[in-house]
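Enquirer: Here it is, the structure, as structure tokens.
The values are calculated or read from the model by the stated rules, or taken from the named source; none is laboratory data. Because the structure is predicted, anything quoted here is derived from the model rather than measured. As a convention, Cβ positions derive from the backbone with ideal geometry for all residues, glycine included, and neighbour counts pool all protein chains shown. Calculation scope for accessible area: heavy atoms of the full protein, side chains included, ligands and nucleic acids excluded. Shrake-Rupley method; radii C 1.70, N 1.55, O 1.52, S 1.80 Å.
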Amino acid sequence: MFKNNLNCLTPPEKIYLPDGTELRLCVGAVPRQGHAKLYCSAMGIFFSLSSRGLNQIKCYHVKNFKAKPNVHSYYPRMCGFIGNPYCHLLVAIAWVGPRRFNHECHHLNGNHTDNRASNLIWLSHEAHRRFDAALRHGLVLERQDPDARMEYEMTHHMEI
């Protein structure tokens, strides 16, 4: 019964693992086959919920940079979902908040494989470009306080 009605059911926004870890629905991740729903934790770990239950799934990395010279090819992506969405965008939308118009997701520590919610913020394209340039020149110290993400974006990033 669950398998047949999974397509019709509205998936819950949040579910919890037995250890109490909260998982949030990754809005916009549509599976290539079946009716599985994608959830992620604040630590950037992904789970698929289908008629077979809840299973942890792994993202993949594009390994051949010469064949795919795209600047974003080294970001982890989710295979098995239409468009192979970027993992950091799914975590940011689920945990940081909805994407604002003309904003990009930025990794605070510069590690593109670290998709923890506390490491992600939304920045305008111009602020993101200036912040990355300042980091390359050693002008900005990174800030790890997740509660001050918005304050950090509104003050420090805009002054660069």
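Enquirer: For a quick check: with amide H placed at 1.01 Å from N, whose amide H comes under 5 Å from H107's, ignoring anything fewer than 5 positions away on the same chain?
Expert: none
Enquirer: Show L54, L25 ordered by accessible area, largest first, where the area counts protein heavy atoms only and the probe is 1.4 Å.
Expert: Numbers: L54 65, L25 25 Å².
Largest accessible area first, the residues go L54, L25.
Enquirer: While we're on this one: Take V27, V91, V96 and sort them by solvent-accessible surface of the protein heavy atoms, 1.4 Å probe, largest at the top.
Expert: On the way: V27 95, V91 0, V96 45 Å².
Most to least solvent-accessible, the answer reads V27, V96, V91.
Enquirer: Any chance you could run the full-extension gain for I15 through L135? It's 0.36 nm times the residue separation minus the Cα-Cα distance, nm to one decimal.
Expert: Working: separation 120, 0.36 × 120 = 43.20 nm, distance 3.72 nm.
Full extension of this stretch gives 39.5 nm more.
Enquirer: With each label point set 7 Å from Cα along the Cα-Cβ vector, what nm distance links I82 and D114?
Expert: 3.5
Enquirer: Right, here's the next one. Taking 30 Å as R0, compute the FRET efficiency from the Cβ-Cβ separation of Q33 and R99 and round it to 0.05. Mind dumping the intermediate values first?
Expert: Details: r = 27 Å, r/R0 = 0.89.
Calculated value: 0.65.
Enquirer: Mind checking the dipole of the range 86-134: about its Cα centre, +1 per Lys or Arg Cβ, -1 per Asp or Glu Cβ, Debye to the nearest 20? Display every interim value, and only then the final one.
Expert: On the way: 5 positive and 4 negative charges, 21 e Å.
That gives a dipole near 100 debye.
Enquirer: Can I ask one more? Skipping prolines and chain starts, which residues have an amide H placed within reach, meaning under 5 Å, of the one on S51, given they are 5 or more residues away or on another chain?
Expert: Counting only residues 5 or more places away or on other chains, the set is empty.
Enquirer: Quote to one decimal, in nm, the extra length available between E126 and N55 on full extension: 0.36 nm per residue of separation minus the C-alpha distance between them.
Expert: Working: separation 71, 0.36 × 71 = 25.56 nm, distance 3.88 nm.
Value of the extension gain: 21.7 nm.
Enquirer: Further, regarding this structure: Mind listing the phi-derived Karplus ³J(HN,Hα) values for the range 91-98, rounded to whole Hz, using 6.51, -1.76 and 1.60 with θ = phi - 60°, and x for any glycine or proline?
Expert: 5, 5, 5, 6, 10, 7, x, x
Enquirer: Enumerate the amide H contacts of I57 below 5 Å, restricted to partners 5 or more residues apart or on another chain; note that Pro and chain-start residues carry no placed amide H.
Expert: F46, F47, S48
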